[in-house]
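**Q** Mind having a look at this structure? Questions to follow.
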Amino acid sequence: MPKNVKSREIEFGSSVIGEAVKACRPGVVPAFPITPQTHIVEYISQLIADGKLKSEYILGDSEFSVASILYGASSTGVRSYTATASQGFLLMHEVLFNMAGSRVPTVITAVNRSLSPPINIQLDHQDTLSLRDPGIIQIYTESIQEAYNTHIQAFKISEHNDVMLPVIVGCDGFIISHCYEPVSYLEQDSIDEFLPDYEFSRELNSREPLTHGSLGGSENIMEFRYMVEQALENSKSVIKDVAKEFDDMFGMYFGGLIDEYKTDDAEIILIAMGSMVGTMKEAVDIIREETDYKVGVVKIRAYRPFPEKEILKAIKEAEVVAVLDRNVSMGLGGIVGSEIKSCLYNQNQTMPPIISYIAGLGGREINVDVIKRLVKDVEKRVENNDYPIKSVYFDLKDELILGSPSPELKYTKYGK
């Protein structure tokens, strides 16, 4: 049961995230509006204006500026925060490499949204997964309550001496940011005990001058990159420990690196991230009740660092694994599916085949019916021993073909 709860209310997702940030007491909040994250920074600006949060609110002239302000403030030892989405997140790309390479802690909410073109404000994970390489921790949330809890944990993970890296908290656009759910708000005194004041051992100040991001040659670049890699590896145990500490204090646990649902006897295991996991759990219950299919779900919470050992342990007894990617790496396929496949190589033990599916791009609905049809597709492929190397675009309606050599666009019907 939840403990140290101040109140339980039905609340708007963006407001809940704003309340979580307020409880963590950031000293600087740079901001720039972009759908669907704007409500978060608007809400925080109102908290500051009303005197409910003592913080410096800085309106940047672009997301690049916001990331630069965040980098500078965090480097001086001030706990800092911002939120962004989609193209705005990509505009931060250069600065994110600087922040991770300089080992500067901070927290950024990424309200997941598809990338353009065509212009689309709906959900997929293309934005955050396109920025998987700088060395930033990425944690994905399934519900509004998990988003609230994870933001509080994220600051503690980021500021841990063995980590000191930015943390991205992925919150699915509109499903988490714009929906209402019952949420347990926690007592501020207990949060303060869980998350003490920020102390950065390498803060920039005039008393003891330091340099962040200085020139590095071939004699030390590999070592710097390796230190970031080691920090990410360290964060695996830190993420687990912080989740357990949060559970001990507040009576709420959301996994750590991964979460499993009915996988003990599962012959088919579905793997995904974000809010669609809740739908998948419901579908699994229905499928198990209506059919003989033994289906389970593995939710990836921490995508970076990638929890390869935990995933392999969870899936090793399954007959087949289906990965649902709400993204695509053009020329390769689903990003998460591809990475899970890479983890299976050189394994001495027998592992199940992996079927990589791409679904839900641009807000395409992933409901219980879609999951049920996908499980039937998995069963059919198992019967036919059909395990495609490339990712399967599931639930396509039309295929857009770019004519060659002319740039003429043609549409051809794609049968289910």
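The values are calculated or read from the model by the stated rules, or taken from the named source; none is laboratory data. Remember, it's a predicted structure, so these values are computed and weren't measured experimentally. Here the Cβ is made from the backbone with ideal geometry for all residues, glycine too, and neighbour counts use every protein chain on show.
Let's see how each residue does on (1) farther than 22 Å from residue 179 by Cβ; (2) surrounded by 17 or more Cβ atoms within 10 Å (Cβ to Cβ); (3) modelled with pLDDT under 95:
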| position | (1), (2), (3) |
| --- | --- |
| 9 | no, no, no |
| 17 | no, yes, no |
| 24 | yes, yes, no |
| 50 | yes, no, no |
| 78 | yes, yes, no |
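**Q** (1) more than 25 Å from residue 336 (Cβ to Cβ); (2) in contact with a Cys (Cβ under 9 Å, 6 or more places away or on another chain); (3) among the aromatic types (Phe, Trp, Tyr): which one isn't true of residue 71, the others all being true?
**A** (2)
Every residue, every condition in (1) surrounded by 14 or more Cβ atoms within 10 Å (Cβ to Cβ); (2) among the small types (Gly, Ala, Ser); (3) in a helix (DSSP H, G or I), yes or no:
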{"position": "324", "(1), (2), (3)": "yes, no, no"}
{"position": "331", "(1), (2), (3)": "no, yes, no"}
{"position": "350", "(1), (2), (3)": "no, no, no"}
{"position": "357", "(1), (2), (3)": "yes, no, no"}
{"position": "379", "(1), (2), (3)": "yes, no, yes"}
{"position": "382", "(1), (2), (3)": "yes, no, yes"}
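**Q** Further question on the same structure: From 177, 102, grab the single residue that is in contact with a Cys (Cβ under 7 Å, 6 or more places away or on another chain), touching a residue at least 60 places away in the same chain (Cβ under 8 Å) and not basic (Lys, Arg).
**A** 177
**Q** Then there is this: Scan region 291-328 for residues that are in contact (Cβ under 8 Å) with a residue 40 or more places away in the chain and among the small types (Gly, Ala, Ser) and jot them down.
**A** Selection gives 302, 314, 318, 322.
**Q** Let me ask something else about it. Go through region 203-259 residue by residue and tally those that are more than 30 Å from residue 183 (Cβ to Cβ) and of a type in the set (Gly, Ala, Ser).
**A** 7
**Q** Something else now. Do we have residue 290 as surrounded by fewer than 19 Cβ atoms within 10 Å (Cβ to Cβ), in the same structural domain as residue 352 (by TED's automatic domain parsing) and either modelled with pLDDT of 95 or more or hydrophobic (A, V, I, L, M, F, W, C) (or both) here?
**A** Against the criterion (surrounded by fewer than 19 Cβ atoms within 10 Å (Cβ to Cβ), in the same structural domain as residue 352 (by TED's automatic domain parsing) and either modelled with pLDDT of 95 or more or hydrophobic (A, V, I, L, M, F, W, C) (or both)), residue 290 qualifies.
**Q** Turning to a different aspect of this structure: Find the strands (runs of 3 or more DSSP E) located wholly in region 77-148 whose residues include 2 or more that are more than 13 Å from the chain's Cα centre (by Cα), and list them.
**A** Hits in region 77-148: 81-84.
**Q** If we scan region 205-217, do we find a residue that is on the phi > 0 side of the Ramachandran plot, more than 26 Å from the chain's Cα centre (by Cα) and either in a loop (DSSP other than H, G, I, E, B) or in the same structural domain as residue 103 (by TED's automatic domain parsing) (or both)?
**A** yes
**Q** Take the conditions modelled with pLDDT of 95 or more and either more than 14 Å from residue 32 (Cβ to Cβ) or surrounded by fewer than 18 Cβ atoms within 10 Å (Cβ to Cβ) (or both) and apply them to residue 99. Does it pass?
**A** Answer is yes for this residue.
**Q** Sticking with this structure for a sec: Which of the numbered conditions does residue 254 fail, given that it passes all the others? Conditions: (1) modelled with pLDDT of 95 or more; (2) at negative phi; (3) buried (at least 17 other Cβ atoms within 10 Å of the Cβ).
**A** With (1) modelled with pLDDT of 95 or more; (2) at negative phi; (3) buried (at least 17 other Cβ atoms within 10 Å of the Cβ) applied to residue 254, the lone miss is (1).
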